[in-house]
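Q: Below you will find the structure I want to go over with you.
The values are calculated or read from the model by the stated rules, or taken from the named source; none is laboratory data. All of these numbers come straight from a predicted model, not from anything done at the bench. A quick note on method: Cβ atoms are made from the backbone with ideal geometry, for glycine too, and the neighbour counts reach across all protein chains shown. Each accessible area value is taken on the protein alone, full model and side chains, heavy atoms only, with ligands, DNA and RNA left out. Shrake-Rupley method; radii C 1.70, N 1.55, O 1.52, S 1.80 Å.
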Amino acid sequence: MSYQEVIAKIPEDVTLVAVSKTKPIEEIIEIYQQGQRIFGENKVQELREKYEQLPKDIEWHLIGHLQTNKVKYIAPFVSLIHAVDSLKLLKEIDKQAKKHNRVIDCLLQFHIAREETKFGLDQKEAVELLEHPTFSRLNNIHIRGIMGMASFTKDETQIRKEFQTLISIFDFLKTNYFPDQSSFDTRSMGMSGDFKIAIEEGSNMVRVGSLIFGSRNYN
Ligand SMILES: *Cc1c(COP(=O)(O)O)cnc(C)c1O
């Protein structure tokens, strides 16, 4: 599918993150020239290298797991960190953001899939994080919403169920922890294989890679 065909399928109120991981600079430029300004990467070093080489009006999202010791490499420029799943990580993001006089937007990642290997919180762990005394002292991070990945399966009923779980967690957190914050508004769910279902279930941010850039070649 071409970039134009993908954006034609995404409603205007849904943000498209073009996932450019493993793809070379030239291919990213091609999509950039068609108007795309938000790109997502899952590795810190690759994100940093691409940030340095590409136009500075790109908003870079880190969508993959982030190790505490690597936060410093992206803190100067990253515009959204999708996969926050511990207070320890949040504290480090806050600390590095402060050094650069920034407030860094973050999403809490939830584990909704059947696969055991995926990172992410459950609702109870999120509550513990949000009620921790330390959390209220973090002034240089801003929780904008939630992120999750459904199981890799063809079972559409299962995928829908997992997205519904994620939306119910979003609603719970919004009501109980962010009632007066219109900026707690982001529901990052849906990838190439399931973004249409995700949007039907309430996503307003989709992370689409292979459908735009073609399949990836991990050597
Ligand atoms: C790679 C990746 C995507 C995009 O996957 P595609 O199937 O290529 O669209 C989305 N989200 C995360 C967290 C990823 O790592």
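Q: For the range 64-161, report the accessible area per residue in Å² (1.4 Å probe, heavy atoms, rounded to an integer).
A: Result: 50 Å² of accessible area for each residue.
Q: Loop-only check: which trypsin sites (Lys or Arg not before Pro) in the range 48-122 are DSSP coil with at most 13 other Cβ within 10 angstrom?
A: Lys56, Arg114
Q: Here is a follow-up. From the residues Ile146, His111, His100, which one has its Cα farthest along the dipole of the range 12-171 in the positive direction, the dipole being from +1 and -1 charges on Cβ of Lys/Arg and Asp/Glu about the Cα centre?
A: Value: His100.
Q: Another question about this same structure. Could you give me the percent of Cα pairs per 10 Å distance bin for the range 132-219, shortest bin first, beginning at zero and ending with the bin that holds the maximum distance?
A: Computed distribution, short to long bins: 16, 40, 27, 15, 3.
Q: Let me know the shape class of the chain, please: from the alpha-carbon gyration tensor, a ≥ b ≥ c as square roots of the eigenvalues, rounded when a/c is under 1.5, otherwise prolate if a/b is greater than b/c, or oblate.
A: Oblate, because a/c is 1.5 or more while a/b does not exceed b/c.
Q: If the limit is 21 Å between Cα atoms, which of Lys43/Lys161; Lys9/Lys56; Lys50/Lys88; Lys23/Lys50; Lys23/Lys99 go over it?
A: Those over the limit are Lys43/Lys161; Lys9/Lys56; Lys50/Lys88; Lys23/Lys99.
Q: If the only charges are +1 at each Lys and Arg Cβ and -1 at each Asp and Glu Cβ, what is the size of the charge dipole of the chain around the Cα centre, to the nearest 20 debye?
A: That gives the chain a dipole magnitude of about 680 debye.
Q: Let me ask something additional. In percent, how large is the relative contact order of the range 73-145, given Cα pairs closer than 8 Å and 6 or more residues apart?
A: This gives 37 percent for the range 73-145.
Q: Something else about it: Using protein chains only and a probe of 1.4 angstrom, how many square angstrom of Glu162 are accessible, to the nearest 10?
A: Here the residue's solvent-accessible area equals roughly 10 Å².
Q: Then there is this: Determine by what factor the alpha-carbon radius of gyration of the range 61-124 differs from 2.2 N^0.38 Å, reporting the quotient.
A: Compactness ratio reported: 1.13.
Q: Translational D (Stokes-Einstein, µm²/s) of the range 1-83 at 25 °C and 0.890 mPa s when Rh comes from the Kirkwood sum over C-alpha pairs?
A: Stokes-Einstein gives a translational diffusion coefficient of 185 µm²/s.
Q: In whole Å, how far is the Cα centre of the range 1-71 from that of the range 105-127?
A: 23 Å
Q: Another question, if that's okay. When the chain is treated as a GNM, springs tying every alpha-carbon pair under 10 Å, which of Gly40, Gly64, Gly190 comes out with the largest mean-square fluctuation?
A: Gly64
Q: Considering only protein heavy atoms and a 1.4 Å probe, what is the carbon-and-sulfur percentage of the accessible area of the range 1-154?
A: It is 47 percent, rounded to a whole number.
Q: Something else: Based on DSSP H runs of at least 4 residues, each adding -39500 (n - 2.57), what is the mean residue ellipticity at 222 nm of the chain after dividing by all its residues, to the nearest 500 deg cm²/dmol?
A: One gets -11000 deg cm²/dmol as the mean residue ellipticity at 222 nm.
Q: Further question: If you filter the range 122-219 for trypsin sites (Lys or Arg not before Pro), then keep DSSP loop positions with at most 14 other Cβ within 10 Å, what is left?
A: Sites meeting the loop and neighbour criteria: Lys154, Arg216.
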